[in-house]
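Below is one structure, written out as structure tokens, with a few remarks after it.
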Amino acid sequence: MKNDQHDRYCDDQELMPHDNLVETEIEMRILPLDDKLTEHHEPSRQFVIFAIYGLGGVGKTTIARKIFDDRGRKVLSAHADENVGNEIKSAQIQKGAEGYGLQTDRIWQLKVEDSWMLLLWAACLEQAKVTPELKKIGIGILPKCDCFPLAIKAVGGVLHRKGYRQKEWERICDSRAFSLKDPTTGTEGGVRSSIYLSYQYAPPHLKQCFLYLSLFPVDFEIKQHLVTQLWISEGFIDIDTRHGHSLEETADEQTSVSQEESNKHNNREEIAQEGGENINLLRDSSDGRNTTSSEIVVVDDDNKNSSEHAKGTPRLSSCGHSSKTSPDKQSHCSDQEMDDWYFKELAERGLVQRENKTKRYKMHEQVRKIAESLTENEVCAGHPKSLDTENVATLPASLYRLSFLNKGLTTIPEDVGKLKSLRTLLLSGNPLGETDMDTICKNLQLLRVLDLSDTEIQSVPKTLGNLVYLRHLNLSRTKIRALHESIGRLRRLRFLGLRECERLTSLPKSIQKLLKLEYLDFRDSGITKSTRLHNLRHLALLHGFVVDSMSSNGLPLEDLQNMSNIIDLQIDIRKIVDRNIASYGNGMLKLKEKDNLRNLEIRCCTVNSETLSAGELERSKTMFTQLHPHQCLVSLKIDGYHGTVYPEWLCFSELPNLQHLSLENSKFCERLPPICHLQKLKFLRIANLSKLRTIDMQPTAEMPSFPNVEELEIEGMEDLENWSDFRAGDLLHLRKLALIRCPKLKRLPGGLEHCKTMSKMELIHAGLVQVLEKIPVQELLVEAMPSLREVSNLPLMKVFTVISCPNLETVSGVNSLQYIHMEDEQLPKWLGQHFSRIETLDILGKKQLLVRCERSKEDWYIVREIPRVYAYLPKRLPYFSYAWGNDFFCKYKTQRTGSTVSSSSTGNDDSPLGPAAPVDETDKKFLPLGPAPADETYKKNFHIAFPIVVSLLPVNLILSDRNPSEELSLLFLYAVFVGFLTFIVTKSRQ
């Protein structure tokens, strides 16, 4: 593994210009394409169809999304097949829409030097330390990636583990993985080969986790914490090996051992291929053998010679070795840290893509195809049609993992019960109702994972107890009313999800027998009857713990006393009486001794807090004083606190490691605790403290205020009037500031100029703020601020959104401004001034406003000086587009009876356009938009006149006494007349 210095440099790479590089490349390539879309658009057409096609991973969807954002009625379709693009183009032209095709295979390739910089970024390497020989090898790798960003990032993830070792770079450059052919194009190299190379060099425990992700469809949002539970349940992550070690130590040990095995196998593979042997590149060979993914063994946490192994089923393993450590030993690594490490590894290798700095990921289509190839006949992300009677053969009996996520299933297909070897069954998101689960529970006795969340099931059968190997059971957001006592037989169960089961009123008594349970979530469920949990000593997460000492409902707090491994705790406190107060101090709860506790949420759920007596308020204060957590706490949320002053332990000396803090819904608190001195705090949210009038930073000479806070949210502070100033050294890392519904706040705190760079600021209903100045913000949103008069000296601002700020008169010192979005009754005068870098103006308003912006109208002098202008009616219905470069102005024609093409839209007779256009439900084709249809009576008259004229021709010829020359002349005239009519009708239709 890398040394600490290299790790620190890699962490700093988040500041490197990878995103900017790709973003700039998009902009440069998109501009002419966007112009073409606008330039070719004819107002008479109802919408534009533009097919984007090319190889997988070249950026089709990215380009489509980039264009589609604010471009009006254009449909952009991204496909890997050129034929699809051509078909869309021709079909839509026939239907009256514009159709165009764009091939992206070359539009998305980076320049060589840009590709090289991206490779260094992905590999976390410093350019100054790269030798000329190393750079030459790197430049030689780039053509094998076809200079595609996705491929470069995948290879960079491999080089990241090799550092600056030249021989390792040469080995990668010469890898036969680059000879893997794309089945679509038949070409070598590119995205598919690079992804397989990244997979090939991953350690075995990471390979298994990656292959498991093929259960999720393309673009499915993969939740990090949930998938980690599934990995643990399947045995891919052996959490017992972590006892007494940090995650990094465990991971390094696993990686060093398994990476050595992978390298040995890779060497053997290269030698075999040089010798002409035919090696199947789509095989997992992590243990030195050509094996399929299911042949990797899993450690059974109870018995190495378990019955499932005796039956001949494959034994999964996460790390290539087993470790039998007593579960009583304390783990110093939380599941959250484990989540982060595994997904960070997969993301750095280009095998998953992180969604906007959240803990949610997606798998690219090309990456998923590799995973599917490696798990064929063992893992299936199914579709209901694959279970039709005649297609049962498509599900092999050897299937180990099956998912039907959000597929519209109303019953569990009968044939699923025949898959005897099944270990994972995911059925989340289907409208399963009164379905027969009995067959599932009787036949699928090797199941380790069963997910029925977000379904309509109302009961769980007694035979659930047959699933003795089950480790993960998710019944969240279902309609179940009770859990059968047979659940106590699931002695291996580790994860039980019952969140938001509103009809579930109690837990079975046998839940006490689930001694290995680590995760129990029944938050926001209907559980009111007391069930003791004191035997569940290994719980790491407990949500929904209800305390109500006034009745038999709720759970006794002493049940928490033995839970020494608790990491994440959420408590709902309903009522506390005097007799309970003393017991907190006597050690009944002892939160301060729980040194594994990282996340704590305390929610006070009194029905009507305004009627609380003075005695009840005092008891609430005493109770919170005794709920003093350990100083290792990382995240704290207090919701509905009833005291006038927050507990004294909410300060830096008592919570030095706190990073996330949320204080919400306190109706009595009049001042904040000294939270500004929490030195490690990164996220702070203060909401709905209705009596708070002043935010006092309480500065000290020794410590700056919020030195590491990145996001600060203040919301719903109805009486907040003052906010003391910041000093130099405060808020150095602030990225986002949100101020929402603070109608009495007179001004923003001074000292915001000390922030290095603020990415975004949102000010909504901050009614009395008049001036915004000297703030290093890149994106500013101001909404419903009637007192705002001036925005000045914001030199870094690139995006400015203004909504309902009628008195804003001055905008100056914004030399970086590129994009303006306006929603108001009229265009402000400040828009008429010259902004040197402005690129786009986006206007949304009523028709009266937009008419003034048309060519030669009152506000045209403002519009004509801006490179691109997009105007929308309410509900973002396109009104006109303007491009300064080619002096193009396109006004979209809308039908008098509506202007939306969405079948889900509802008409409004009060809108300026009338009700929405109707939809022909017969064949689901939208009725044409645009102007009202022209009078087509001529067609009816023609259909009557044409046959009469034609029929008169033979009659006239038979009954006439003309000579042959006269008859020929008359026939010619008839032919000319008919041809002329046909021409006129055809032209009119066109």
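The values are calculated or read from the model by the stated rules, or taken from the named source; none is laboratory data. It should be emphasised that the depicted structure is a prediction, and the values quoted were computed from it without experimental measurement. No Cβ is skipped: glycine too gets one built from the backbone with ideal geometry, and neighbour counts run over all protein chains shown. Only protein heavy atoms, including side chains, enter the accessible area calculation; ligands, DNA and RNA are left aside. Shrake-Rupley method; radii C 1.70, N 1.55, O 1.52, S 1.80 Å.
Among the candidates LYS857, LYS847, LYS829, the residue that is of a type in the set (Lys, Arg), on the phi < 0 side of the Ramachandran plot and in contact (Cβ under 8 Å) with a residue 40 or more places away in the chain is uniquely LYS847. Annotation note: Cβ proximity below 8 Å between a residue of region 736-755 that is modelled with pLDDT of 90 or more and a residue that is among the hydroxyl-bearing types (Ser, Thr, Tyr) and part of a strand (DSSP E or B) (sequence gap 6+ or interchain) occurs for LYS736/SER759. Total residues in region 483-505 satisfying the condition of being buried (at least 18 other Cβ atoms within 10 Å of the Cβ) and polar (S, T, N, Q): the figure is 1.
Residues that are over 21 Å from LEU781 (Cα atoms) number at least 2 in the following strands (runs of 3 or more DSSP E) confined to region 812-896: 877-883, 888-891. For region 811-824, a residue qualifies if it is surrounded by fewer than 20 Cβ atoms within 10 Å (Cβ to Cβ) and more than 17 Å from ARG789 (Cβ to Cβ), and the qualifying residues are ASN815, SER816, GLN818, TYR819, HIS821, GLU823.
Applying the condition of being surrounded by 21 or more Cβ atoms within 10 Å (Cβ to Cβ) and either among the polar types (S, T, N, Q) or over 17 Å from TYR201 (Cβ atoms) (or both) to region 148-168 and asking which residue is farthest from the chain's Cα centre (by Cα) yields PHE148. Pairs linking a residue in region 560-575 that is farther than 19 Å from ASN535 by Cβ to a residue that is surrounded by fewer than 19 Cβ atoms within 10 Å (Cβ to Cβ) and acidic (Asp, Glu), with Cβ atoms under 6 Å and 6 or more positions apart or on different chains, are GLN570/GLU601; ARG574/ASP548; LYS575/ASP548.
Residues in region 191-241 that are assigned to a loop (DSSP other than H, G, I, E, B), of a type outside the set (Phe, Trp, Tyr) and in contact with a Ser or Thr (Cβ under 9 Å, 6 or more places away or on another chain): 7 in all. Whenever a residue of region 523-541 is farther than 20 Å from LEU600 by Cβ, its partners that are assigned to a strand (DSSP E or B) and modelled with pLDDT under 90, lying with C-beta atoms within less than 6 angstrom and at least six residues away or across chains, give the pairs THR528/ASN553. Scanning region 754-774 for residues that are assigned to a loop (DSSP other than H, G, I, E, B) and open to solvent by 10 Å² or more (accessible area, probe 1.4 Å) returns LYS756, THR757, HIS765, GLY767, LEU768, GLN770, LYS774. Comparison of LEU102, LEU120, LEU134 shows that the only residue that is modelled with pLDDT of 50 or more, surrounded by 18 or more Cβ atoms within 10 Å (Cβ to Cβ) and under 30 Å from VAL158 (Cα atoms) is LEU120. Do you know which of the residues in region 656-671 that are modelled with pLDDT under 95 and open to solvent by less than 20 Å² (accessible area, probe 1.4 Å) is farthest from ARG603 (Cα to Cα)? My answer is CYS669.
The set of residues from region 475-491 being assigned to a loop (DSSP other than H, G, I, E, B) and among the aliphatic types (A, V, I, L, M) comprises LEU475, ILE480, ALA482, LEU483, LEU490. Hey, among the residues in region 778-810 that are in contact with a Phe, Trp or Tyr (Cβ under 9 Å, 6 or more places away or on another chain) and either open to solvent by 60 Å² or more (accessible area, probe 1.4 Å) or of a type outside the set (A, V, I, L, M, F, W, C) (or both), which one's nearest to GLU839 (Cα to Cα)? The qualifying residue nearest to GLU839 (Cα to Cα) is LYS798. Say we look at region 686-711 and pick out the residues that are among the hydrophobic types (A, V, I, L, M, F, W, C) and within 16 Å of PRO673 (Cα to Cα); which of these is most open to solvent (accessible area, probe 1.4 Å)? Residue satisfying both the conditions and the ranking: MET703. Of the residues making up region 677-705, those that are in a loop (DSSP other than H, G, I, E, B) and under 24 Å from GLY640 (Cα atoms) are LEU678, LEU681, LYS682, SER690, LYS691, LEU692, ARG693, ASP696, MET697.
Restricting region 319-362 to residues that are among the basic types (Lys, Arg) and at pLDDT below 75, the residue that is farthest from PRO203 (Cα to Cα) is LYS329.
Here is a yes/no grid of residues against (1) open to solvent by 10 Å² or more (accessible area, probe 1.4 Å); (2) modelled with pLDDT under 95:
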| position | (1), (2) |
| --- | --- |
| ILE440 | no, yes |
| ASN443 | yes, yes |
| VAL449 | no, no |
| ILE457 | no, yes |
| VAL460 | yes, yes |
| LEU467 | no, no |
| ARG471 | no, no |
| LEU475 | no, no |
| LYS479 | yes, yes |
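Whether any residue in region 669-676 is touching a strand residue (DSSP E or B) at 6+ places or on another chain (Cβ under 7 Å), outside any strand (DSSP E or B) and either more than 30 Å from PRO743 (Cβ to Cβ) or of a type in the set (S, T, N, Q) (or both) is what I want to check. The answer is no; no qualifying residue exists.
Does region 834-841 contain any residue that is in contact with a Ser or Thr (Cβ under 9 Å, 6 or more places away or on another chain) and buried (at least 17 other Cβ atoms within 10 Å of the Cβ)? Within region 834-841, not a single residue is in contact with a Ser or Thr (Cβ under 9 Å, 6 or more places away or on another chain) and buried (at least 17 other Cβ atoms within 10 Å of the Cβ). One residue alone among ASN886, ASN908 is modelled with pLDDT under 90, touching a helix residue (DSSP H, G or I) at 6+ places or on another chain (Cβ under 7 Å) and open to solvent by 40 Å² or more (accessible area, probe 1.4 Å), and that residue is ASN886.
For region 478-507, a residue qualifies if it is closer than 22 Å to TRP231 by Cα and under 33 Å from the mean Cα position of the chain (by Cα), and the qualifying residues are ARG492, LEU493, ARG494, PHE495, LEU496, GLY497, LEU498, ARG499. Scanning region 492-506 for residues that are at negative phi, free of Cβ contacts under 8 Å to residues at least 60 places away in the same chain and part of a loop (DSSP other than H, G, I, E, B) gives LEU493, LEU498, ARG499, CYS501, GLU502, ARG503, LEU504, THR505, SER506.
Yes/no per residue for (1) surrounded by fewer than 21 Cβ atoms within 10 Å (Cβ to Cβ); (2) closer than 30 Å to LEU134 by Cβ; (3) touching a residue at least 24 places away in the same chain (Cβ under 8 Å); (4) of a type in the set (S, T, N, Q):
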site: GLU170; (1), (2), (3), (4): yes, yes, yes, no
site: ALA177; (1), (2), (3), (4): no, yes, yes, no
site: LYS181; (1), (2), (3), (4): yes, yes, no, no
site: SER193; (1), (2), (3), (4): no, yes, yes, yes
site: TYR196; (1), (2), (3), (4): no, yes, yes, no
site: PRO203; (1), (2), (3), (4): no, yes, yes, no
site: LEU211; (1), (2), (3), (4): no, no, yes, no
site: PHE220; (1), (2), (3), (4): yes, no, yes, no
site: PHE236; (1), (2), (3), (4): no, no, yes, no
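Out of everything in region 517-535 that is among the basic types (Lys, Arg) and surrounded by fewer than 16 Cβ atoms within 10 Å (Cβ to Cβ), what residue ends up being nearest to ARG423 (Cα to Cα)? My answer is ARG532.
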